[in-house]
Structure formats: structure tokens, C-alpha cells
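Visitor: Below is one structure. I have some questions about it.
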Amino acid sequence: MARMQTRDQTPLSRMLFVPPPALRHLVRYFHYEHGAGGPVLLPASPHPMLTFFLAGGSVVERPDGTCVHFQQPFANGPITSAFPATWLPGTSFITAVCESGTFGELLGLDILDLRAMPLPLALIAPHLRLGALADALERSTTGSEAVALLSEWLLQLASQREQRLLDAFQMSGQLLLMPSQSIAAKLGLSVRQIERRHLAAYGLSMRERRKMLRYAHALGLMIGHAGQRGALTGIAAMAGYFDQAHMIRDFNTFMGLAPGALSGLSPAPGADDQMRLLRYNRAEAAIITRA
């Protein structure tokens, strides 16, 4: 498949896929796009991701002003601040949005190396030998075919690393809400040990992850209520914020935007829509939030 195609040849289509049952402890969902192009805002997220291009690619501007071109598979850990990218015309890709806590063990990577900005897998994980998978994905013609190929590869990888995944340090969001001393007592570790192991597993301190999960919950509620104005006070309460001002501070930190700038978004993206990764219909929102 050619690396660049014109937008007329590849009209935009997008699909979200629930992973097969055997992968649901490792993958939240698959995001497939065909015929994308133009600028896009990549939202902050606590969830690590694995992306393969089927055609085209993207350009990401680093904080220092330099640009990085991605046309090969890449991974990113938690994105702690939204940043812009530009997809080449006719870009198609598939992304596995993964569960935190097991991503580093699954790929044999230090998730702390993947904070904030994506990195090419050929550079950071040459041991994965992705050539055959990347070639097969480029030959795929549908989202379902691409998901099947990536799912099979991830299942094989998980079976090879089964013991490491079983031994991985994990902390549920519910447990994370408890005071640190209570968590330490429950797990039989010191607070310092808990913090160190949590940072290594999730790429975030416990405090950072609490804030990011609360923000992600609120963002999911906004996506699920796309186009409905006047819902922010209720969303703030449901997401666990003290008040709407508290939520606004977090969104300014993670998104560089106030929640009000997102609450009125239409759920239907256009081919060149910079906010397309924040626009989903109700069915898609249910997959993203696991409602």
C-alpha cells in the first residue's frame, strides 16, 4: 500500500473495536482510521498506546520546536499534556489503546521512557521484530482485518510474557483512591515502595495518576454528552471534583483548554477536524469509557 494517497482517494472513515476477551485485561479498545489528514490535537491520556500506520504518517512538533516524522510503528506512555500533530493526506492507522500497569511488561519497555511524546518502536524495542506484522497490516483492507492481525500478535506476545504479566505491579483505580498509608498496609509494603513500584508500572506518580484518571473520567462524560451544554457542573461532581473550578484547573493543565471549549463539540468529525479525537457518537463513547 502506498505511503501517501490523496484525500479524494481515501475518504475518512473511523471505527472503534472492542478487543477479544483474551486481550481485555491488556487492551481497552482499538482505534482504526482510514483516509485521515491535516492537523489534529492529541489529548492527554493516562493510557499507553501502540500505533501502526497502514498508509501515510504523522508529523509531531516537539516542545523545543523540532519536528519528528512518524511512518513506522510507535508507542507512547501516558500523555500528560495535549499536543498537536499533523497527519499526512490519506493517512490510515490502527492504535491499540492499552491498559496501564502491564504495558511496559508486555512490550519489554520502561514506560517512563514513553511519557509525553511517542517514540519509534524500532528505536526503543528492536527485540519485537515487527517487520512481518507491519507488512501484513499495510496489506490489510478493512479495520476488522487490521484488528485481527494486531490482536493475534498481541496474544502471542502476551503468551511469551505470561509470567512477567502475572508478576506485574498493578493498582486498580478504586484502590488508588484510598490514602497512601492504607494502600501500603493493604499491600504489605512501605509507602515509598508503593510509590516507586507504581511510578515504574504506570509512568505516573500516584498523585499524577489520581488526577489523570479523574480528568479522563470527566472527559469521557463530556464525550458521552457531546453537544449538550450546561452539563459541566454535573460532570464535575460525577468525576469526583470538588467543584467546576477544580475541574477547569485540571483541564487547563492536561488539555490546555477549559472544559467549556469541549462541552459543545459535535460528535461527528470532519476529515480535517483538529478536534476529531474528542468527537465520538454514543456507541463509540461507550467503548472508550467501557460504559
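The values are calculated or read from the model by the stated rules, or taken from the named source; none is laboratory data. All figures in this text were calculated on a predicted structure; none of them were measured in a lab. All Cβ positions, even for glycine, are placed from backbone atoms using ideal geometry, and neighbour counts span all protein chains on display. Ligands, DNA and RNA are stripped out before the accessible areas are found, and what is left, the full protein with its side chains, is counted by its heavy atoms. Shrake-Rupley method; radii C 1.70, N 1.55, O 1.52, S 1.80 Å.
Visitor: Looking for whichever is under 20 Å from the mean Cα position of the chain (by Cα), of a type outside the set (A, V, I, L, M, F, W, C) and more than 19 Å from ALA75 (Cα to Cα) here; the options are ARG164, ARG214. Which one fits?
Guide: Details: ARG164 fails: under 20 Å from the mean Cα position of the chain (by Cα).
Just one listed residue meets the conditions, ARG214.
Visitor: How about region 78-161: which helices (runs of 4 or more DSSP H) wholly inside it have at least 3 residues that are open to solvent by 30 Å² or more (accessible area, probe 1.4 Å) and among the hydroxyl-bearing types (Ser, Thr, Tyr)?
Guide: So the answer is none; nothing clears 3.
Visitor: Can you find a residue that is under 23 Å from MET117 (Cβ atoms) and either at pLDDT 95 or above or within 17 Å of the chain's Cα centre (by Cα) (or both) anywhere in region 218-228? Even if it seems obvious, please write down each step before you answer.
Guide: To start, the set of residues in region 218-228 that are under 23 Å from MET117 (Cβ atoms) comprises 219.
Subsequent filtering for residues that are either at pLDDT 95 or above or within 17 Å of the chain's Cα centre (by Cα) (or both) retains 219.
Yes, region 218-228 contains at least one residue that is under 23 Å from MET117 (Cβ atoms) and either at pLDDT 95 or above or within 17 Å of the chain's Cα centre (by Cα) (or both).
Visitor: Condition (residue is open to solvent by less than 30 Å² (accessible area, probe 1.4 Å) and of a type in the set (Ser, Thr, Tyr)) applied to region 207-225: is it met by at least one residue?
Guide: Yes: region 207-225 contains one or more residues that are open to solvent by less than 30 Å² (accessible area, probe 1.4 Å) and of a type in the set (Ser, Thr, Tyr).
Visitor: If you don't mind, another one. Hey, among the residues in region 58-77 that are outside any strand (DSSP E or B) and free of Cβ contacts under 8 Å to residues at least 40 places away in the same chain, which one's most open to solvent (accessible area, probe 1.4 Å)? Give the steps one after another, and end with the answer.
Guide: Start the filter on region 58-77 by keeping residues that are outside any strand (DSSP E or B), which leaves 62-66, 71-73, 77.
Going one step further and asking which of them are free of Cβ contacts under 8 Å to residues at least 40 places away in the same chain, we end up with 63-66.
Details: PRO63: 129, ASP64: 113, GLY65: 40, THR66: 62 Å².
The residue in question is PRO63.
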